[in-house]
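A.B. asks: My structure is below; once you've seen it, I'll send some questions.
The values are calculated or read from the model by the stated rules, or taken from the named source; none is laboratory data. Keep in mind that what you see is a predicted model, and the values were worked out from it rather than measured. Positions of Cβ are generated from backbone atoms using ideal geometry, with glycine treated the same way; all protein chains shown enter the neighbour counts.
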Amino acid sequence: MLFPIITLVKLLLYLNLFSWSFEDIVNLKSDGVVIIGRKLLTLFENKSFAAFWRIPYAEPPVDLLRFKPPKRFENPTEGVYDYSVLYEETCSTMCDEDCLHLNVYMPLSPNSTCISSVIVWIEETSGFHRPDFFIDENLVVVSVSYRTHILGFLNTEDNFALGNMGAKDILAALKWVRDNISTFNGDPAKVTVIGHGKGATLVASLLISSDADDLYTRVIIQSGSVLSPADYRSYSFEIANKLYWNLNGPFDKFNRTKLYDLLSKASTRKLVSASEDLFDSTEVRDNQRLINAFGPTVEKTRKHAFVHKLPINIYKSRMTNNNADVMMGYTNLESLYKLKGLAKNRKLLKYLNYNFQYLVTFEGAVDEYGSKRYRKILRKIMEFYFLNGTIGEQSLRRYAKYVSDQVIYPLIRQARLHAQVSCAKLYLYRFSFRGELNSAWISSVGNFNLSGATFGDEICYLFRCKSANDIYNSGVGSAERDFIKKITRLWSNFAKYGNPTPEAQLGNVHWDPFLDQFPFRALNLGPKIKMVDIPEQKRIEFWDELGQEFYPENEWKDEL
C-alpha cells in the first residue's frame with residue numbers, strides 16, 4: 001500500500017536515519033501530491049535518474065481478493081508519499097502476497113518538458129535489475145511485479161479462480177502506466193512491453209488478448225511464445241485433485257468446497273509447498289510435452305477474460321493485435337542451462353539411448369508410451385538429431401539443440417503466424433554472444449567449450465543485474481561494454497521508432513523485418529551483429545514435417 005502521509009518533521013527524521021542528503025532525494029509534485037524518489041547515477045555515463053520503488057498499482061490481493069482479478073487502486077489526491085526505499089521482493093518469491101507494485105525510473109533532464117518513450121519490463125524472477133543502460137538512451141523504464149505460480153494462475157474453471165490473475169495484474173499495471181506515466185515524463189502513446197521466459201509468454205499473449213489492445217504500442221518477446229505446448233492446455237481438474245491431496249491428505253474423497261476453503265485459508269508458505277512439482281516425469285513422458293501447472297490458460301467465460309480461445313485458433317481467425325510492432329528472439333542454446341549434470345559427466349549421455357523419452361514442440365494428441373507409433377516418432381527424432389541415431393559422450397551439443405527447440409520452434413512458429421496477419425513489422429533476433437555477463441551459462445555449465453548463449457544470457461547486457469555486480473565493479477571488458485551499447489541501442493530504437501536500425505545508427509547494421517518465407521532471416525547478436533539465414537532452419541523444417549505427418553489438426557483439435 002502507499003506509505004502514509006509524512007509530516008515535514010517526520011520526513012527529516014526519516015532522511016537522517018538513512019544518512020541521505022537532500023541531493024539524494026527527488027520530489028515530484030502533481031495535483032496536490034508530492035512523490036519522493038531516490039536520485040541515482042548510471043553505471044557507464046553517470047547520467048542522473050530518479051528511482052521510485054514499490055508504487056502500488058492495484059489493491060493488495062489478500063484475504064477475499066486472493067485468486068481474484070486485481071482491484072483498481074485509487075490514486076491519492078493529496079499528501080506526501082515516499083517511494084525512495086528499495087525493496088527487492090517481487091511476487092515471484094511468493095514471500096509476500098502484497099506485491100502488486102511497480103518501480104518507475106526516469107531520466108533527470110535539464111529540460112523538464114522532455115517526454116520519453118516508455119519501456120515496461122515484466123519481471124519474471126526476484127533478481128533485481130537496474131535500467132542504467134536504457135536510462136543512458138533517455139527512456140523511462142517501469143518494472144512490474146505480478147502474481148506468479150498458484151496465486152497468479154490457478155484456474156478452477158469456475159468463479160473461485162478464473163485463471164490468468166497474473167496476466168490481468170499486468171493489464172492493471174499497463175492501465176496505471178497509461179494513466180500516470182506522464183507524471184514521470186513518459187509518453188503514454190509510446191509504451192513498449194518487454195518480457196523474458198514466462199514473462200515473455202505473457203507479453204506474447206498480449207497480442208492475442210482483446211483486453212490489452214490499447215495499452216501498449218510495441219512488444220519485445222525474449223525466449224517465450226504463446227504456442228509453447230506447456231501452456232494453454234487444460235489440466236484444471238487434475239491440478240485441483242493434486243492440490244486437494246497435498247493440502248488435505250490422499251485419504252478423503254475429493255471435495256471441491258473443502259478444497260476452496262483450504263486454498264483460501266492456507267498460509268503462503270503452505271500454498272507454495274502444496275503446489276510444487278505437481279506433475280512427475282512419468283506424466284510428462286505420457287503427455288510428450290512439458291507441463292506448466294500454473295501458466296496462462298483459456299478461460300471458460302468470455303466476459304473480462306484475458307484469453308478465451310486457444311492461441312492457435314485466435315491466429316487462424318486473425319483476431320490478434322495486428323497494429324503493434326513486434327520484436328522477438330531466442331538464444332541459440334536456450335536449454336543448455338538445464339544440462340549441468342550431463343556437462344559434468346558426459347558418460348551419462350549414453351544412458352539416454354535406453355531411456356530417451358521424447359517431447360514434441362507443438363500441441364496435439366498423445367501416444368501411448370512404447371506403442372508402435374510412439375517408437376516410430378522416437379526413432380525419427382533420434383535419427384534427425386544424433387549421428388546414426390545414437391547418443392554418445394560427444395553428443396551434448398546435439399542434445400542441447402534438441403531440448404532448446406522446445407523453446408525455439410514455438411517462438412518461430414508464432415513469428416511466422418504473426419507475420420502472416422500483422423499490418424505492422426516484426427523483427428526476429430538470434431542471441432549468440434558469449435562474454436563475462438552470460439550469467440546463466442556461467443552458473444550452469446561454467447567454461448564448457450561450446451560457443452553461444454543460453455536462456456537468460458542476454459538480460460545482464462540489457463539491464464544492470466545485481467548478480468553481476470562484481471563484474472560491473474571490476475570493470476566490464478571493452479567487448480562487453482561495446483556490446484551493451486549496441487544491444488540497448490537496438491532495443492531503444494525499437495521502443496522509440498518501431499525500427500531498431502533507423503538511419504544506420506549502428507554503422508552498416510541494418511535489421512530487416514521478418515518474412516514468413518524460407519530461408520528465415522534474423523539479426524544474429526554475436527561477436528559480429530549481422531543479418532543471417534538462421535542455422536536452426538533445418539530443425540524448423542523437421543518439426544513442420546513431423547507435425548504434418550503425425551499430428552494432422554483434425555485428429556488432435558478435440559484433445560486440447
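A.B. asks: Being on the phi > 0 side of the Ramachandran plot and not in a helix (DSSP H, G or I) narrows it down to one of Gly364, Gly435, Gly392, so name that one.
C.D. replies: Details: Gly435 fails: on the phi > 0 side of the Ramachandran plot; Gly392 fails: on the phi > 0 side of the Ramachandran plot.
It is Gly364.
A.B. asks: Something else: So is Lys303 surrounded by fewer than 14 Cβ atoms within 10 Å (Cβ to Cβ), over 29 Å from Asp169 (Cα atoms) and either of a type outside the set (Ser, Thr, Tyr) or in contact (Cβ under 8 Å) with a residue 12 or more places away in the chain (or both) or not?
C.D. replies: Answer is no for this residue.
A.B. asks: Here's another thing I want to ask about it. Tell me the helices (runs of 4 or more DSSP H) entirely within region 444-560 that contain at least 3 residues that are over 30 Å from Asn313 (Cβ atoms) and modelled with pLDDT of 95 or more.
C.D. replies: Details: elements: 459-462, 469-474, 478-497, 537-550, 553-556.
Ranges flagged: 459-462, 478-497.
A.B. asks: Specify the residue that is nearest to the chain's Cα centre (by Cα); the eligible residues are those in region 393-405 that are modelled with pLDDT under 95 and surrounded by fewer than 18 Cβ atoms within 10 Å (Cβ to Cβ).
C.D. replies: Arg397
A.B. asks: Further, regarding this structure: Report yes if Thr320 is in a helix (DSSP H, G or I) and polar (S, T, N, Q), otherwise no.
C.D. replies: So Thr320 does not fit the description; no.
A.B. asks: So, one more: Which numbered condition in (1) among the aromatic types (Phe, Trp, Tyr); (2) within 20 Å of Val85 (Cα to Cα); (3) at pLDDT 95 or above is the only one that Phe134 fails?
C.D. replies: With (1) among the aromatic types (Phe, Trp, Tyr); (2) within 20 Å of Val85 (Cα to Cα); (3) at pLDDT 95 or above applied to Phe134, the lone miss is (2).
A.B. asks: Residue check, Lys338 against (1) out of contact with any helix residue (DSSP H, G or I) (no Cβ under 7 Å at 6 or more places or on another chain); (2) under 25 Å from Leu411 (Cβ atoms); (3) assigned to a helix (DSSP H, G or I), all met but one. Which one?
C.D. replies: (1)
A.B. asks: What number of residues within region 170-201 satisfy the criterion of being small (Gly, Ala, Ser) and within 16 Å of Cys114 (Cα to Cα)?
C.D. replies: Going through region 170-201 one residue at a time, the tally reaches 3.
A.B. asks: In this structure, is Phe483 surrounded by 13 or more Cβ atoms within 10 Å (Cβ to Cβ), under 22 Å from Glu137 (Cβ atoms) and among the aromatic types (Phe, Trp, Tyr)? First the steps, then the outcome.
C.D. replies: Values: surrounded by 13 or more Cβ atoms within 10 Å (Cβ to Cβ): yes; under 22 Å from Glu137 (Cβ atoms): yes; among the aromatic types (Phe, Trp, Tyr): yes.
Yes; evaluated as a whole, the condition is true for this residue.
A.B. asks: Continuing with the same structure: Is there any pair linking a residue in region 168-186 that is closer than 21 Å to Thr77 by Cα to one that is small (Gly, Ala, Ser) and assigned to a helix (DSSP H, G or I), with Cβ under 8 Å and at least six apart or on different chains, and which?
C.D. replies: Leu174/Ala212
A.B. asks: Can you name the residue in region 449-470 that is within 19 Å of Tyr330 (Cα to Cα) and among the hydrophobic types (A, V, I, L, M, F, W, C) and, of all such residues, is surrounded by the fewest Cβ atoms within 10 Å (Cβ to Cβ)?
C.D. replies: Looking only at region 449-470, we keep the residues that are within 19 Å of Tyr330 (Cα to Cα), and these are 450-463.
Subsequent filtering for residues that are among the hydrophobic types (A, V, I, L, M, F, W, C) retains 450, 453, 455, 459-460, 462-463.
Numbers: Leu450: 17, Ala453: 27, Phe455: 24, Ile459: 24, Cys460: 26, Leu462: 24, Phe463: 24.
My answer is Leu450.
A.B. asks: Please work out which one of (1) more than 30 Å from Asn499 (Cα to Cα); (2) in contact with a helix residue (DSSP H, G or I) (Cβ under 9 Å, 6 or more places away or on another chain); (3) of a type in the set (S, T, N, Q) is the condition Asn355 fails and give its number.
C.D. replies: Answer for Asn355: the failing condition is (2).
A.B. asks: Search region 271-296 for residues being within 25 Å of Tyr358 (Cβ to Cβ) and of a type in the set (Val, Ile, Thr), and hand back the single one that is farthest from the chain's Cα centre (by Cα). Give the steps one after another, and end with the answer.
C.D. replies: Filtering region 271-296 down to residues within 25 Å of Tyr358 (Cβ to Cβ) leaves 277-296.
Pick out the ones that are also of a type in the set (Val, Ile, Thr) and you get 282, 284, 291.
Details: Thr282: 27, Val284: 23, Ile291: 17 Å.
Step by step, filter region 271-296, then rank; the result is Thr282.
A.B. asks: Here is a check on your reading of the model: is Thr257 of a type in the set (Ser, Thr, Tyr), within 25 Å of Glu97 (Cβ to Cβ) and without any contact (Cβ under 8 Å) to a residue 12 or more places away in the chain? I'd like the intermediate steps shown before the answer.
C.D. replies: Numbers: of a type in the set (Ser, Thr, Tyr): yes; within 25 Å of Glu97 (Cβ to Cβ): yes; without any contact (Cβ under 8 Å) to a residue 12 or more places away in the chain: yes.
Answer is yes for this residue.
A.B. asks: Another question about this same structure. Could you identify the single residue in Asp277, Asp286 that is acidic (Asp, Glu) and on the phi > 0 side of the Ramachandran plot? Let's see the steps before the verdict.
C.D. replies: Details: Asp286 fails: on the phi > 0 side of the Ramachandran plot.
Going through Asp277, Asp286 in turn, the sole match is Asp277.
A.B. asks: Then there's this: Does region 263-286 hold any residues that are crowded, with 18+ Cβ neighbours inside 10 Å, of a type outside the set (Ser, Thr, Tyr) and not in a loop (DSSP other than H, G, I, E, B), and which are they?
C.D. replies: Of everything in region 263-286, those that are crowded, with 18+ Cβ neighbours inside 10 Å, of a type outside the set (Ser, Thr, Tyr) and not in a loop (DSSP other than H, G, I, E, B) turn out to be Leu263, Leu271, Ala274.
A.B. asks: Would region 289-307 turn up any residue that is touching a strand residue (DSSP E or B) at 6+ places or on another chain (Cβ under 6 Å), within 21 Å of Leu162 (Cβ to Cβ) and β-branched (Val, Ile, Thr)? Spell out how you get there, then give the answer.
C.D. replies: Our first condition is that a residue be touching a strand residue (DSSP E or B) at 6+ places or on another chain (Cβ under 6 Å); within region 289-307, this holds for 297, 299-300.
So of that shortlist, the ones also within 21 Å of Leu162 (Cβ to Cβ) come out as 297, 299-300.
From what is left, the residues that are β-branched (Val, Ile, Thr) are 297.
Yes, the conditions are met somewhere in region 289-307.
A.B. asks: To continue, here is another question. Looking at (1) surrounded by 24 or more Cβ atoms within 10 Å (Cβ to Cβ); (2) part of a strand (DSSP E or B); (3) not polar (S, T, N, Q), find the lone condition where Val177 falls short.
C.D. replies: Every condition holds for Val177 apart from (2).
A.B. asks: Please state which of the following conditions Gln420 fails to meet, knowing it meets all the rest: (1) in a helix (DSSP H, G or I); (2) under 23 Å from Ile122 (Cβ atoms).
C.D. replies: So Gln420 meets the others, but not (2).
Residue by residue, here is whether (1) aliphatic (A, V, I, L, M); (2) surrounded by fewer than 19 Cβ atoms within 10 Å (Cβ to Cβ); (3) modelled with pLDDT of 95 or more; (4) under 24 Å from the mean Cα position of the chain (by Cα) holds:
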position	(1), (2), (3), (4)
Gln222	no, no, yes, yes
Leu227	yes, no, yes, yes
Trp245	no, yes, no, no
Asn248	no, yes, no, no
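A.B. asks: May I ask you to verify whether Tyr409 is loosely packed, with under 14 Cβ neighbours inside 10 Å, aromatic (Phe, Trp, Tyr) and in a helix (DSSP H, G or I)?
C.D. replies: Numbers: loosely packed, with under 14 Cβ neighbours inside 10 Å: no; aromatic (Phe, Trp, Tyr): yes; in a helix (DSSP H, G or I): yes.
Judged against the criteria, Tyr409 is not a match.
A.B. asks: Consider Gly166 carefully, then state whether it is of a type outside the set (A, V, I, L, M), in contact with a Lys or Arg (Cβ under 9 Å, 6 or more places away or on another chain), part of a helix (DSSP H, G or I) and closer than 26 Å to Ala240 by Cα.
C.D. replies: On the way: of a type outside the set (A, V, I, L, M): yes; in contact with a Lys or Arg (Cβ under 9 Å, 6 or more places away or on another chain): yes; part of a helix (DSSP H, G or I): yes; closer than 26 Å to Ala240 by Cα: yes.
When the stated conditions are applied, Gly166 passes them.
A.B. asks: When residues of region 28-52 are filtered for being modelled with pLDDT of 90 or more, exposed (fewer than 14 other Cβ atoms within 10 Å of the Cβ) and either under 17 Å from Tyr81 (Cβ atoms) or among the β-branched types (Val, Ile, Thr) (or both), how many remain?
C.D. replies: Qualifying residue count, region 28-52: 0.
A.B. asks: Any chance region 88-96 includes a residue that's of a type outside the set (D, E, K, R) and modelled with pLDDT of 95 or more? Before you say what the answer is, go through the steps one by one.
C.D. replies: At the first step, the residues of region 88-96 found to be of a type outside the set (D, E, K, R) are 90-95.
Now narrow it down to the ones that are modelled with pLDDT of 95 or more: none.
Within region 88-96 (the criterion being of a type outside the set (D, E, K, R) and modelled with pLDDT of 95 or more), the answer is no, since none of the residues qualifies.
A.B. asks: Regarding Asn473, is this residue among the polar types (S, T, N, Q), closer than 25 Å to Gln357 by Cα, surrounded by fewer than 22 Cβ atoms within 10 Å (Cβ to Cβ) and out of contact with any helix residue (DSSP H, G or I) (no Cβ under 6 Å at 6 or more places or on another chain)? Working first, answer last.
C.D. replies: Values: among the polar types (S, T, N, Q): yes; closer than 25 Å to Gln357 by Cα: no; surrounded by fewer than 22 Cβ atoms within 10 Å (Cβ to Cβ): yes; out of contact with any helix residue (DSSP H, G or I) (no Cβ under 6 Å at 6 or more places or on another chain): yes.
No.
A.B. asks: In the set Pro527, Pro513, Pro519, which member is in contact with a helix residue (DSSP H, G or I) (Cβ under 6 Å, 6 or more places away or on another chain) and either hydroxyl-bearing (Ser, Thr, Tyr) or touching a residue at least 12 places away in the same chain (Cβ under 8 Å) (or both)? Break it down into steps so the answer makes sense when it comes.
C.D. replies: Working: Pro527 fails: in contact with a helix residue (DSSP H, G or I) (Cβ under 6 Å, 6 or more places away or on another chain); Pro513 fails: in contact with a helix residue (DSSP H, G or I) (Cβ under 6 Å, 6 or more places away or on another chain).
So the residue among Pro527, Pro513, Pro519 that is in contact with a helix residue (DSSP H, G or I) (Cβ under 6 Å, 6 or more places away or on another chain) and either hydroxyl-bearing (Ser, Thr, Tyr) or touching a residue at least 12 places away in the same chain (Cβ under 8 Å) (or both) is Pro519.
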